[in-house]
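Student: Below you will find the structure I want to go over with you.
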Amino acid sequence: MKKMAFLIVTALSVLLNPAHARDDKLMLPIKEAKALGMEKGKLDPNIPLYFGTTAHPAVQKKFGTFVSNKKTNAVGKSDEYACQWVFLSAAISLQERAKAEGGNAVINIKSYYKKNEFSSNTEFECHAGNIMAGVALRGTVVKIAR
């Protein structure tokens, strides 16, 4: 009887306590994530991505500023790998938007997680949890001189 009471109390305490969701903020190198994307053939080398204040060729036309907010399954992956993978998804989305708008580059790309802007030429912000990782990027689609 004591064993049954213990099991019931334990089960109730697990069910009634809120889960402790993990939301770790990571700052990771853009260079490594982009290298993974090129290695896997995911990023389009014809649509360059310029992060932060990185110099770029002269802008001939601006098409607007767009946000890409992506999540990925992080189960069984290291936080770094999940973040690199979801970064690629967000970067690909910006490249696809550039193509759809008639642009040939995306400039001034910044991390934009939960609408909090973080600008860097070398790092991006990712949030990793127990089962998901997320990256949001905001950049300006342009046509640059080639």
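Student: Run residue 58 past the list (1) surrounded by fewer than 12 Cβ atoms within 10 Å (Cβ to Cβ); (2) modelled with pLDDT under 95 and report the number of the one that doesn't hold.
Tutor: (2)
Student: What's the number of the condition residue 61 fails, among (1) under 15 Å from residue 37 (Cβ atoms); (2) over 16 Å from the mean Cα position of the chain (by Cα)?
Tutor: (1)
Student: Ok, one more. Within the range 37-55, can you find the residues that are surrounded by fewer than 16 Cβ atoms within 10 Å (Cβ to Cβ) and not small (Gly, Ala, Ser)?
Tutor: The answer is 38, 39, 40, 42, 45, 46, 53, 54.
Student: Okay, next question. Can you find, within the range 66-125, the residue that is surrounded by the most Cβ atoms within 10 Å (Cβ to Cβ) among those that are of a type in the set (Lys, Arg) and more than 22 Å from residue 146 (Cα to Cα)?
Tutor: If we take residues in the range 66-125 being of a type in the set (Lys, Arg) and more than 22 Å from residue 146 (Cα to Cα), then 110 is surrounded by the most Cβ atoms within 10 Å (Cβ to Cβ).
Student: Continuing with the same structure: Can you pull out the residues in the range 129-146 that are buried (at least 24 other Cβ atoms within 10 Å of the Cβ) and touching a Cys at 6+ places or on another chain (Cβ under 8 Å)?
Tutor: Residues satisfying the conditions are 133, 135.
The values are calculated or read from the model by the stated rules, or taken from the named source; none is laboratory data. Keep in mind that what you see is a predicted model, and the values were worked out from it rather than measured. No Cβ is skipped: glycine too gets one built from the backbone with ideal geometry, and neighbour counts run over all protein chains shown.
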